[in-house]
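Working notes, structure below.
What follows draws every value from the coordinates through simple rules; no lab data is involved. All values derive from a computational prediction rather than experimental measurement. Positions of Cβ are generated from backbone atoms using ideal geometry, with glycine treated the same way; all protein chains shown enter the neighbour counts.
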Amino acid sequence: MKWPRRVRLLGVLLALATAQGLAILVYLKVDAGRRTQEDPTFRYERLSRKPGPDLALVGVDGSSRQLTQLRGRAVLLHFWATWCPPCREELPGLLELGRDLAKEGRLHVVAVSLDSDWETVRDFFGGHVPREIVRDHMGSATDAYDLSTLPDTYLLAADGSTRVRFGGARNWRTKLARDVLLEQSRADNE
């Protein structure tokens, strides 16, 4: 018995749609696995240990301070923006790790928003901007730290010198991230 042409065509289309659906499911599963897989090395770039450029920073409350005022403790200096998808994804983990390490007196996190105004930053945080978030008052961060991509993160030693750079987005919620930061900040004291 020969099936009518419409039925055969419908069967072919159904088979193609099923194959495409399965291909999409396989892709999503592989992609999800790739995203959750931890970078086993938590790569970073060692820097020359030159003094880190100073920045005039301003808090959401209008308070101002210089980056050099934070000397005496290691500083994780993070550059981000609300319009940067990887920045938005990694920032909560970075702030969480920074708070844990700050409680232990290990390091201070400063997250410099490169957004053009506080209103955008306030909206991003639902009106409650964390105290670690500041803006670059003079707009000199991009040149001073030679920023070409976001996010970009620097570990500054207690003396203000640049220790290491973590280029690109990271999963800061991992034990490996914590271990690398502690190891690199301890190396500053040796």
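Taking amide H positions as placed in the peptide plane 1.01 Å from N, state which residues far from ASP115 in sequence (5 or more) or on other chains have amide H under 5 Å from it.
THR82
Select one label from [x] 1.22; [y] 0.96; [z] 1.03: the one whose number is Rg/Rh (Cα atoms, Kirkwood Rh) as derived from the coordinates shown.
Matching the structure shown: [x].
Which order do peptides 77-85, 14-22 fall in by mean Cβ count within 10 Å, highest first? Display every interim value, and only then the final one.
Numbers: 77-85: 19.0, 14-22: 10.0.
For the peptides 77-85, 14-22, the packing ranking is 77-85, 14-22.
So if each residue of separation counts as 0.36 nm, and I subtract the Cα-Cα distance between GLN66 and PHE125, what length gain in nm does that give? Could you put the intermediate results ahead of the total?
Numbers: separation 59, 0.36 × 59 = 21.24 nm, distance 2.38 nm.
Here the answer is 18.9 nm.
Placing unit charges on C-beta atoms (Lys and Arg positive, Asp and Glu negative, everything else neutral), compute the dipole magnitude of the range 38-190 about its Cα centre in debye, rounded to 20. Don't skip to the answer; put the middle values down first.
On the way: 21 positive and 24 negative charges, 99 e Å.
Dipole size: approximately 480 debye.
Using a 10 Å cut-off around each Cβ, can you sort LEU156, LEU147 from fewest to most neighbouring Cβ atoms? Write down the numbers at each step before the final one.
Numbers: LEU156 27, LEU147 16.
Ordered by Cβ neighbours within 10 Å, fewest first: LEU147, LEU156.
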